[in-house]
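Data first, discussion second: the structure below is written as structure tokens.
Taken together, the values in this text are just the output of simple stated rules run on the coordinates, not laboratory data. Given the structure is predicted, the values throughout are model-derived calculations rather than measurements. All Cβ positions, even for glycine, are placed from backbone atoms using ideal geometry, and neighbour counts span all protein chains on display.
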Amino acid sequence: MSIIRPSSRTLAAIPVLLLVATVLSGCISEAPPPPTNLRAIGTGGTIYQGWDYAGATAQPLNGSIEIDVDDPSNSGLVTVRGVWAGENFTITLSEFNHTADDFHDGGVAMHFPEHGASGNGNTLVPEMFLLLATWGPATFELGDEAFKDPYTGLENWSAHLMVTDTGIRDEADGGKVKSASSGIYSPDAPADAIIGTDNEVHLIIESTAPAGDIPEHNETVTGTAGGPMSETTMFPVPVQTRDANIRIEIDFGADPQEVGPYNAVLRDPEGKVIARQTMAGTQAMTKSATIEATSEVIGNHTLEVSGPGAPGEFTADITVTHPPRPFYWLHWEEVTIGAGGR
Ligand SMILES: [Cu+2]
């Protein structure tokens, strides 16, 4: 039985054939796989508050966003520098670790559809194809200080970045997010969104507190203060966020026996006096006062009512209003996408 050997000439041709095959396969195959990291820069920028589809809250940022993020390692850096309300600010994202859903892909995901009817994420914005998305914490400096979340008192914020080639805001028309049927986008009709073909960068910076505003707290309390026993009445005033507004109306009425003076003092949970009022008057006068304060400390504050004079009965109407849950939507229309490599 003879062994058929390839001739030396045939052997020599094999590398050439392989090379030709490689070149041909390169010609007929799909485009190369998308990059696994992304660099981008946005300049100018606008800040919106809340899900502002109509663009009613638009404020110029006069700033830039620099993005350099890697998908496989869920790492990188996103920096925003600009001017907001007359002050310089810096927002920094350097951790990408939110993994609640599979599509979050460890905190950095690339080249996928999100929002609208995509099945990924909510319908609070129209469906976009995302070149890059990140989820994780952010820090926010305003002026020279950390801009703490007024809802939590913490320096950490929650950040979601989206770089898209299917823009949803019309900056030429007041920054509107538009819908074909009703003009302005509605999360109830995500399929009606008008989608562009431009690059946009969206950065959502919001409180780490659960969604939803905190309702106003109203309470009327009664007590007695003053007299021979120097009676002092104390009430807790619940404050659930930094920057909550506290308003207390205290009224001793016009009882001729209740001359006063009476003192009302409001202390924060650390015991620091943040407001003080004295109530006094002639016998027939109503002795009342309004205390108004904003506190930076979360927790039970204390209203203390006392007086060295005759005992008196009072009512105090306590109202605590909390600011809206902070939610900022930063947007860039002038976007340069980098080469995608490092
Ligand atoms: Cu998103």
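Here is how the numbers come out for the structure above:
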| quantity | calculated |
| --- | --- |
| Cβ-defined net charge surrounding Lys178, 12 Å radius [Lys, Arg +1; Asp, Glu -1] | -2 |
| DSSP bridge orientation in region 217-321 - percent antiparallel, rounded to nearest 5 | 100 |
| Full-extension gain in nm, Glu231 to Glu155, via 0.36 nm per residue minus C-alpha separation | 23.2 nm |
| Relative contact order for region 91-216, counting Cα pairs under 8 Å that sit 6 or more residues apart, in percent | 23 |
| For region 217-321: relative contact order, % (alpha-carbon pairs under 8 angstrom, 6 or more apart) | 48 |
| Contour minus Cα-Cα distance for Asp317 and Met285 (0.36 nm per residue) | 9.6 nm |
| Spin-label proximity, Leu77 to region 93-115 - amide N less than 14 Å from point 7 Å beyond Cα toward beta carbon | 93-95 |
| For the chain, convex hull of alpha carbons as volume per residue, Å³ | 221 |
| Potential lengthening between Ser182 and Thr90 on full extension [0.36 nm per residue; Cα-Cα distance subtracted] | 29.5 nm |
| Check: region 220-296 dipole with +1 on Lys, Arg Cβ and -1 on Asp, Glu Cβ, in debye | 120 |
| Region 247-324: trypsin sites (Lys or Arg not before Pro) falling in loop per DSSP and having at most 15 other Cβ within 10 Å | Lys272 |
| Neighbourhood net charge (13 Å Cβ-Cβ; Lys/Arg +1, Asp/Glu -1) for Ile298 | -3 |
| Rough spin-label spacing in nm, given labels placed 7 Å along Cα→Cβ, for Asp102 and Glu304 | 6.0 |
